[in-house]
Amino acid sequence: MDQNTREIKTHCSYMDHGGCGLIVTVQDGRIVKVKGDPDGWLNQGYVCPKGLASPKRLYHPQRLRHPVRRVGERGSGNWERISWDEALEEISARLDEIRKRDGARSVAFGLGMPKGLDHFGQIRLANTFGSPNLVASQDVCHAPREITGVHTCGFYPVVDFKHPSELVVLWASAVTNTNEEGGICSQLLKQVGQGTKLMVIDPYRSSLADKAELWLPLRPGSDAALALGMINVIIAEKLYDAEFVAKHTHGFAELAAQAADYPPERVAAITWLEPEQIRRAARLYAQAKPAALAWGNPIEHTNNAFHAARGLVCLMALSGNLDVMGGNISPLEPKIAGLGPYVRADLVPDKRKQMLSAAHGVIPRFMTIPPAYLRRAILEGDPYPVKGFFSMDTNPLMVWADSRLTKRALESLEFFACAELFMTPSAALADVVLPAAASLEFDDIGHYGIGHGFILARPHVVDPPEECRAPMQICCDLGRRLAGEELWPEDYHDMLDMVLEPSGVSWEEFVERGHLQGPQKFRKYAEKGFRTPTGKVELRLSAAEKFGLPPLPAWVGFPEDIDEEFPLVLTGRKNKVALHSSYRWVEELRKQNPEPITELNPADAQRLGIAEGDQVRVSTQQGSIVQTAKLNQRVRQGVVYAEHGWWFPEEDDPLGGWERANFNLLTSAAKLGKEFGTPNMAAIPCKVEKVA
Ligand SMILES: Nc1nc2c(c(=O)[nH]1)N[C@H]1C(S)=C(S)[C@@H](COP(=O)(O)OP(=O)(O)OC[C@H]3O[C@@H](n4cnc5c(=O)[nH]c(N)nc54)[C@H](O)[C@@H]3O)O[C@H]1N2
Ligand SMILES: Nc1nc2c(c(=O)[nH]1)N[C@H]1C(S)=C(S)[C@@H](COP(=O)(O)OP(=O)(O)OC[C@H]3O[C@@H](n4cnc5c(=O)[nH]c(N)nc54)[C@H](O)[C@@H]3O)O[C@H]1N2
Ligand code: SF4
Ligand SMILES: [Mo]
């Protein structure tokens, strides 16, 4: 290695929820190689194709490199280059004008998947600005699991992949593609190699389903019903952990009475499974000690998200797998800054009353605004108008249900600005776009604030190009103008130090160590009980009436039902080499996933006269898109998978061909789950035809 070449250790980020330790080789200020760090705390050398290609995001010629301001019509693709001072001045002046005229709540702040510390920087920006309206995708991502967990057992039960389990249940979780929750799939694969059994509850037969004791290819969207069927069997056959249930649960008799209405025969008809499969699943899960349940994203993709999540936490409790090693745990955080003080929640004390969602009866604990309600506010003034929007790390036009509605809403805003790496279809509708630095170009702390009991050091390895700024620096720069210099530091590194301060560990030491982990303690309830109103796991929610929640898990039907016109059920799964709508411009990733794919079972395809590689039109009540057909035996008959997040940066269209293959033209934001404002993204009646 010559003197211009260095190897730097950091963690992969902004590519999924993982956090693989990486060794990055930098030569003359450019990244030339990435490999998995054998000492990586989570991954022990593992790295995926996305992680390997991650530096290529940095060097694309069309990457945004300086701030721009719209000239001409919204979305016309005409921009003028402006200085950072002009850009920050314009954004703060316009947002302040709205604040002075209509109140701070008429400005909303936008976020996507939590990617780094800037997620919390943006929440702090909204709070210090004075707005209660922070809009994110949490209606379809984690809020249903986390908040339902908190209501039921006082914490969000995270799957424990770090300790051996007798059984792991992958329930709507494709961990080998997605590395959900910082659980790197290599940890699970290692366990499976050492004898851990698997059960897979998923309409798709993955490679792990091939190895499983049991694969349940249920009908998409029927998870709440299946959970109730399994609870029925576990109670009827007395397979539950009697001691735990007696000492630590509330409402067992009521749950038992409720579950009695869901015998396997009834549930089989709803879920497209056999009654015997439901019995086997219940026995397998209840009898394995310990069993970890990895619950994935699609259970949060229908209006039944609350019931589905409730059912799963009840299963964890009945089987005695809550807060046990190798089960579903409540990790303790290291000694770092608490979230509330960090984001300055105190500055908007009446947030719960003021936020847009208060008018729609969502769970009061749910502190971000479901995108459906933002659009009602912008377009209909319901319950009051929102006129300004500043977003970071998100591409709403591609990722929110009902993309046409999103487009109308973004176009109707008085002022819209965002920070981006690239001119995405959403950024193309903005008034001002700021050029963000990409991960690997700025110092960052990973996994803060998401309850996994650890944080990861992500030191930068190269400098950002030209005028690109670290996302957290952008928060600071806007914060100083919009909220005052006493609330925001000049240099974003102070925001990293604030997180670490209580630990007494400096940034340099943190980078040296790579991660900080909280103390490992299990069965904490034995001494302290559960943090719920009754101190027990609430199989029946004791405060249901107070919060307007259904007290017991139930099956309330599919959001929409199939019929003669739309006889198939459309759902989705994340592609291993893509992240939602991100990085479609990165050639190395695009080569591995060149076009949007719709997968069908070969028997369904044959009936419809569809062959591999055909262009197919996928239609729902809401609209149509065109993708490329892939015939896949692994897809359950009657189910269709389309890919979401597809646009075409290479096209001449300023909005990147957002209408051609965009899954969210097929979804609707009209019928929403009450608890979280969740639309239907996973159980959509559809038809598929070959394009003539
Ligand atoms: N490569 C990659 N990784 C990612 C992401 C990405 O975009 N790409 N996104 C990240 C984000 S933000 C998230 S939230 C996570 C999500 O990660 P996961 O929770 O793993 O979610 P998905 O890939 O959406 O779906 C998981 C599985 O659910 C199955 N499924 C579909 N519908 C249903 C259903 O109705 N019921 C059941 N039981 N199963 C169903 C699918 O076949 C799939 O195998 O991944 C993160 N990691
Ligand atoms: N139909 C359908 N819709 C879905 C889902 C689904 O499964 N099906 N999944 C849902 C889920 S789980 C989630 S979490 C959301 C995800 O929604 P988003 O988080 O909005 O989706 P991403 O494509 O990850 O968008 C992030 C944007 O961040 C930009 N970006 C990347 N790095 C940086 C950076 O350093 N700084 C800045 N400022 N920007 C950066 C990317 O260019 C991209 O445009 O989508 C949801 N939407
Ligand atoms: S699994 Fe996730 S964290 Fe690990 S290298 Fe791949 S994208 Fe990065
Ligand atoms: Mo997500």
Separation between Cα centres of the stretch 118-158 and the stretch 606-661, rounded to whole Å: 32 Å
Two-site label geometry, residue 27 and residue 346: point separation in nm, points 7 Å out along Cα→Cβ: 5.3 nm
Among the listed pairs 56/576; 162/546; 546/674; 56/690; 211/574, those beyond 26 Å (Cα-Cα): 162/546; 56/690
The stretch 592-636 shape via C-alpha gyration tensor axes, a/c threshold 1.5: oblate
Cross-link reach list, lysines versus residue 247, counting only Cα pairs under 17 Å and skipping chain neighbours closer than eight places: 238, 524, 528, 536
Ordering of 359-368, 126-135, 315-324, 95-104 by burial proxy (mean other Cβ atoms within 10 Å per residue, highest first): 315-324, 126-135, 359-368, 95-104
Computed FRET value (nearest 0.05) for residue 607 with residue 269, which takes r as the C-beta separation and R₀ as 30 Å: 0.85
Segment residue 8-residue 556, extension gain: residue separation times 0.36 nm, minus the distance between their alpha carbons: 192.0 nm
Nearest 10 degrees, 0 to 90: helix 223-236 Cα axis against the chain principal axis: 30 degrees
Set of aspartates and glutamates near residue 335 by C-alpha distance (under 12 Å), chain-local residues within fewer than 8 positions excluded: 501
Highest average packing first - 480-491, 537-548, Cβ atoms within 10 Å: 537-548, 480-491
Cα-based radius of gyration of the chain once divided by 2.2 N^0.38 Å, which approximates compact folds: 0.92
Taking 421, 226 and counting other C-beta atoms within 10 Å, the order from fewest to most: 421, 226
Efficiency of FRET between residue 332 and residue 192 - r from beta-carbon atoms, R0 25 angstrom, step 0.05: 0.35
Potential extension, residue 44-residue 615 segment - 0.36 nm per residue separation minus Cα distance: 201.4 nm
Nitroxide proxy distance, nm - points 7 Å out along Cα→Cβ at residue 511 and residue 207: 3.6 nm
Folded to 0 to 90 degrees: helix 371-380 orientation relative to the chain principal axis, Cα: 60 degrees
Fewest-first ranking of 402, 444, using other Cβ atoms within 10 Å as the exposure measure: 402, 444
Extension gain from residue 404 to residue 243, taking 0.36 nm per residue of separation minus the Cα-Cα distance: 52.7 nm
Which of 347, 125 has the fewest Cβ neighbours within 10 Å, and the rest in rising order: 347, 125
Rounded to 10°, Cα long-axis angle of helix 403-412 versus longest principal axis of the chain: 30 degrees
Cα-centre dipole for the chain with unit charges at Cβ (Lys and Arg positive, Asp and Glu negative), debye to 20: 1500 debye
Set of lysines near residue 387 by C-alpha distance (under 17 Å), chain-local residues within fewer than 8 positions excluded: 100, 407
Under 5 Å, built H, 5+ apart or other chain: amide partners of residue 79: 71
Inter-probe distance in nm under a simple model that places probes 7 Å from Cα toward Cβ, at residue 670 and residue 93: 4.3 nm
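Rule-based calculations on the coordinates, nothing more; no lab input. Since the structure is predicted, the reported quantities are computational estimates derived from the model, not experimental observations. Glycine also receives a Cβ, built like all others from the backbone with ideal geometry; neighbour counts cover every protein chain displayed.
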